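Read through the structure below, which is laid out as structure tokens, and then see the notes.
The values are calculated or read from the model by the stated rules, or taken from the named source; none is laboratory data. These figures come from a predicted structure and were not determined experimentally. Every residue, glycine as well, gets a Cβ built from its backbone with ideal geometry; the counts of neighbours run over all protein chains shown. Heads up: the accessible areas ignore ligands, DNA and RNA and are worked out on the full protein's heavy atoms, side chains in. Shrake-Rupley method; radii C 1.70, N 1.55, O 1.52, S 1.80 Å.
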Amino acid sequence: MDMQEQLRKIQEEAAASLEAVSDKAGLDALRLKLLGKKGDLTMLLRSMGQLPADMRPKAGQMINEVREKLTAQLDALDSKIKKLEQEKKLAREAIDVTEPRKHTPLGSMHPVSLVQDQLIDVFTGMGFDVVEGPEVEYDHYNFELLNLPKNHPARDAQDTFYIEDNIVLRTHTSPVQARTMLTRKPPIRIVCPGRVYRADEVDATHSPVFHQMEGLVIDEDVTMADLKGTLDAFAKALYGDDVTTRFRPSFFPFTEPSAEVDLTCVNCHGKGCRVCKGTGWIEVLGAGMVNPKVLDMCGIDSKKYRGFAFGVGLERIVMLRYGITDMRALYEGDVRFLSQFRED
Ligand code: PHE
């Protein structure tokens, strides 16, 4: 086959291939096959040595012309493919702003957070500030300043997680009250919500981590009647006007006198039922007048000032509110349970 014949064949084949190629990979392969180091044209150029010397310039010129032509065709196809791919990409990425959105399931507030927020609402409505403090706490604030010195038997009532000898996971939010008394001047009116820890076994009514909200009021003429009035208002705001409180004598090292506070049973409204074990009352709070010793230790003059304090467990309020009988439901994170508290 002479050279002209071969060139014609290469061009014919190239024309067919150029028709068939439709993507970048195919184009690269074709460019290599035609113009690459071992490509058809290069091989032809190399074989020129076998031609008589006087024919070589003409043959060289012909081959170069074909090379230029093929290069131009390949380049044209290259831009065409690039343009097509760009168009495809744009079509793929186009955003249809009229398309209905996918349904995104809404989360819901945890019932403990719901109740905590509600209590905060009630107390801030009565002029209380919200103060928070550390969950990993010094023994000093958690116990000592609250009139619970080392080896005091009442420490046993709060099974404590110790981090170090003098550092604990707070067993109540009372240390926030001690911290506040040390840093603020009376009058003080605060509530301290937060997580607290006790080394209890998990069961239907106990958890080693639970939530409290404690309150503290200090002023010159605060009395037990103010405490009773405040807790009555709190009970009514939470459960309705027919709910009231009942105080029973009790003991806490940090209050004197101290009381356990019952609310009218929210289930039977005082008639007596399974929830209140027939008594018509349910115990929800500890409270009392701040022990003058605690005031003095926290830098408040007990001759001039008096105070009251109370503490409520939030889980108990939540369980009573929603008729939950097993506390574990609050911590298991089961969405079927939690989604029932959606407020929308
Ligand atoms: N700190 C007490 C507890 O955690 C509750 C309490 C607070 C009692 C304030 C009386 C006054 O058990």
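Tabulated data
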quantity: Some residue of region 277-299 being under 36 Å from the mean Cα position of the chain (by Cα), among the β-branched types (Val, Ile, Thr) and either assigned by TED's automatic domain parsing to the domain that holds THR173 or under 30 Å from ASP221 (Cβ atoms) (or both); calculated: yes
quantity: Residue within region 233-244 that is within 13 Å of the ligand (Cβ to nearest atom) and either in the same structural domain as ILE317 (by TED's automatic domain parsing) or over 18 Å from ILE120 (Cα atoms) (or both) present; calculated: no
quantity: Index of the failed condition, ARG189 passing every other in (1) within 16 Å of the ligand (Cβ to nearest atom); (2) more than 19 Å from LEU295 (Cα to Cα); calculated: (2)
quantity: GLY286 being away from the ligand (no atom under 16 Å from the Cβ), touching a Gly at 6+ places or on another chain (Cβ under 8 Å) and open to solvent by less than 50 Å² (accessible area, probe 1.4 Å); calculated: no
quantity: Strands (runs of 3 or more DSSP E) within region 110-221 that include 2 or more residues open to solvent by less than 30 Å² (accessible area, probe 1.4 Å), closer than 25 Å to LYS303 by Cβ and at pLDDT 95 or above; calculated: 188-197, 209-219
quantity: Residue within region 226-237 that is modelled with pLDDT under 95, open to solvent by 30 Å² or more (accessible area, probe 1.4 Å), touching a strand residue (DSSP E or B) at 6+ places or on another chain (Cβ under 9 Å) and within 30 Å of GLU332 (Cβ to Cβ) present; calculated: no
quantity: Residue match in region 301-316 (condition: touching a residue at least 12 places away in the same chain (Cβ under 8 Å), within 12 Å of the ligand (Cβ to nearest atom) and surrounded by fewer than 17 Cβ atoms within 10 Å (Cβ to Cβ)); calculated: no
quantity: Region 260-283, residues that are under 25 Å from TYR141 (Cα atoms) and surrounded by fewer than 22 Cβ atoms within 10 Å (Cβ to Cβ); calculated: GLU260
quantity: Qualifying residue in region 248-259 (condition: crowded, with 19+ Cβ neighbours inside 10 Å, in the same structural domain as THR171 (by TED's automatic domain parsing), of a type in the set (Ser, Thr, Tyr) and within 12 Å of the ligand (Cβ to nearest atom)); calculated: yes
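Residue by residue, here is whether (1) closer than 30 Å to CYS192 by Cβ; (2) part of a loop (DSSP other than H, G, I, E, B) holds:
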| residue | (1), (2) |
| --- | --- |
| PRO57 | no, no |
| LYS69 | no, no |
| GLN73 | no, no |
| LEU77 | no, no |
| LYS80 | no, no |
| LEU90 | no, no |
| ASP96 | no, yes |
| HIS103 | no, yes |
| GLY107 | yes, yes |
